[in-house]
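Notes follow once the structure below has been shown.
What follows draws every value from the coordinates through simple rules; no lab data is involved. Everything numeric here is computed off the predicted structure, so don't read it as measured data. Neighbour counts run over all protein chains shown; Cβ positions are idealised from the backbone, glycine included.
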Amino acid sequence: MISYIEGRLLDVTGKGCVVLTPGGVGYELALPSTALMALPQKGGEVTLFTHTIVREDALDLYGFAAKDDRDLFRLLIGIDKLGPKKALAILSHFRPEHLRELVLREDADTLALVPGIGPKSAREIMWKLKDKLAGIKTGPLTASSPVDGPQGEYFDALAGMKALGYTEEEARGMMRDIFESEPDIDASSAIRAALKKIAAARA
């Protein structure tokens, strides 16, 4: 099985890319949009973690910018009726740490926003991922993370920052820093701390 590719970006296709290895072999890979957006200009160096799916009529290769993304892809395609295309669609919308947050708070409505994933499918995916995701390390949100303690406060603070107009990425970055430094802080205090930091940075 091909698990890693390093080479030069030969071409970008609608759903992936072609990587030319030093040995002169060009591999066509399907990529989630997050990996597509991170590709260099044509001719630039590319390194991708990969997963190979062999079928009777084809050999499909999927590429990922990080090992965590590939591990989560493998976890997703192990779910009944959730094939590679839907798994790529999910990874195009959510990074591993973000998907884990959704699973922890059982936010099936947000997962259902992914094209091809309806409300019923989203609930089934949430149910099947809940136990399995515990074994996937996803950055700051691992089993030993301070955020895993007061989960409700963390997510309440995250929602509060989003309600104030901050993006998901901005809010998560600020809340992680605050909850990692003060694991027992409540949501209101965390939001005030974040706003103070923002005001100080702008002063």
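With 10 Å bins beginning at zero, the pair-distance distribution over Cα atoms of segment 4-64 amounts to 24, 59, 16, 1 %.
So for the chain, Kirkwood radius off the Cα pairs, Stokes-Einstein at 20 °C and 1.002 mPa s: how many µm² s⁻¹? Working shown, then result.
Values: Rh = 18.6 Å.
Here the translational diffusion coefficient equals 115 µm²/s.
Think of the chain as a dipole: +1 on every Lys or Arg Cβ, -1 on every Asp or Glu Cβ, centred on the Cα centre; then among His98, Met161, Ile53, Ile53 lies furthest on the positive end.
What order, most packed first, do the peptides 86-94, 38-46 have when packing is the mean number of other Cβ atoms within 10 Å of each residue? Before the final figure, lay out each step's value.
Values: 86-94: 20.1, 38-46: 12.1.
Top of the packing list down: 86-94, 38-46.
Return Lys81, Lys132 ranked ascending by Cβ neighbour count within 10 Å, so the fewest neighbours appear first.
Numbers: Lys81 8, Lys132 14.
Ranking Lys81, Lys132 by Cβ neighbours within 10 Å, fewest first, gives Lys81, Lys132.
Each Lys and Arg contributes +1 and each Asp and Glu -1, all at the Cβ; summed about the Cα centre of segment 70-117, the dipole is approximately 280 debye. Around the Cα centre of the chain, unit charges on the Cβ atoms of Lys, Arg, Asp and Glu (plus for the first two, minus for the last two) sum to a dipole of about 300 debye.
Can you pick out the pairs among Lys120/Lys162; Lys120/Lys197; Lys86/Lys196; Lys42/Lys128; Lys85/Lys130 whose Cα atoms lie more than 30 Å from each other?
On the way: Lys120/Lys162 26 Å; Lys120/Lys197 41 Å; Lys86/Lys196 41 Å; Lys42/Lys128 39 Å; Lys85/Lys130 21 Å.
Too far apart for the 30 Å limit: Lys120/Lys197; Lys86/Lys196; Lys42/Lys128.
At an R0 of 41 angstrom, the distance between the Cβ atoms of Glu6 and Glu170 translates into a FRET efficiency of 0.80. An ellipsoid equivalent to segment 77-123, defined through the eigenvalues of its Cα gyration tensor, has semi-axes of 15, 12, 10 Å when rounded to whole angstrom and sorted largest first.
Full extension of the segment from Glu56 to Asp107, taken as 0.36 nm per residue of separation minus the current Cα-Cα distance, would add 14.6 nm.
Among bridges DSSP assigns within the chain, what percent are antiparallel (round to 5)?
On the way: 20 of 21 bridges.
Of all bridge pairs located within the chain, approximately 95 percent are antiparallel.
Going from the residue with the fewest nearby Cβ atoms within 10 Å to the one with the most, Thr167, Thr110 rank Thr167, Thr110. Hydrophobic long helices, here whole DSSP H runs in the chain with Kyte-Doolittle means of at least 1.6 and Cα atoms spread over 30 Å or more along the helix axis, are not found.
Give the calculated FRET efficiency between Ala199 and Lys67 to the nearest 0.05, with a Förster radius of 35 Å applied to their Cβ-Cβ distance. Taking R0 as 35 Å, the efficiency between Ala199 and Lys67 is 0.40.
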